[in-house]
Amino acid sequence: MKKILICVFTFFIFIQSAYSFAFRGTKDGYAFVGADIGYTIGRGLYVGDSRFYPLGGIIDSAKTHGMALQINAGNEFNWGDYFAFRFFFNVIYNFTFNLDARYQQHIGFGLYLDFIWKAYQTYNFSFQIYVGLAPGEMMFSLYRFGENMMNFASPRVGMMFAFDENNRIDFSILMPIATMSFVTDRYKIENPPSPGALDTGERHMAHSPMRIMIGYKYYF
C-alpha cells in the first residue's frame, strides 16, 4: 500500500509540474528546480518495538548531528494575490555522526507540500512564509548493516526571499515533532544484548532528527 501511495503522489506531482510548465510565467503557476544544503541535529535513532508506539518500548538511542544535501523539482500554484500551494519531489543525501564516532550515510527521496503566504510584495521582490508537511520519505542506508527508514508526516516551516520572477532563496526547518519513522531492516539489534533484545524480522521505530536547510530554487 505504501508503495502504491508513493507512486500515486509522484505521478500527481509530475502531472501538476507539466501543467505548471505549460503555464509558466502566468498567474496560474510555476514549475521549479532547486538544491538545498543543511545541518541535522537531534536525539537521532530511537530503537524500539513499534508495536508499543506511542507508549514506549525504546531500548537504545544516540544523539546525532550531520549534513544533508537535497535536490528538488516541483510546481507552485497561486491562490489569489497573497497565497500559493507548492508540491515537490526531493532527492536526499544525509550523512550523520553520533557520540560514539559512528556514522551513517543515507540516500532517499520524499514528497512535500507547502502552503505559502506572500507577506510582502513589490514589483521585483517578495518575502514569503510557509508551513508544510512531508507526507513521506524513504531513506536507504548506503551500508549493509545500516538502517533503512521510512518517515511519515514530518511538519515543515520556512521562509523565502523572491527576487524578480525566477529566483528564490529558501530557508526551511523539518521538525521532528509529531513525526514517526520506522526502521525497515531485518537484522538483530545488538545493543543492549539481552534475551529480550529485538530479533530479526521485526519493524522498529525511530524519530528523525531536525533538519535545518538553506537553498536556491529557480522558477520558470
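Numbers below:
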item: Sole residue being farther than 25 Å from Asn75 by Cα, assigned to a strand (DSSP E or B), at pLDDT below 60 and aromatic (Phe, Trp, Tyr), chosen from Phe140, Phe182, Phe145; result: Phe182
item: Filter result (outside any loop (DSSP other than H, G, I, E, B), over 12 Å from the mean Cα position of the chain (by Cα) and at pLDDT 90 or above) within region 82-113; result: Phe83, Ala84, Phe85, Arg86
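The values are calculated or read from the model by the stated rules, or taken from the named source; none is laboratory data. What you are looking at is a predicted structure, and each value in this text was computed from that prediction instead of being measured.
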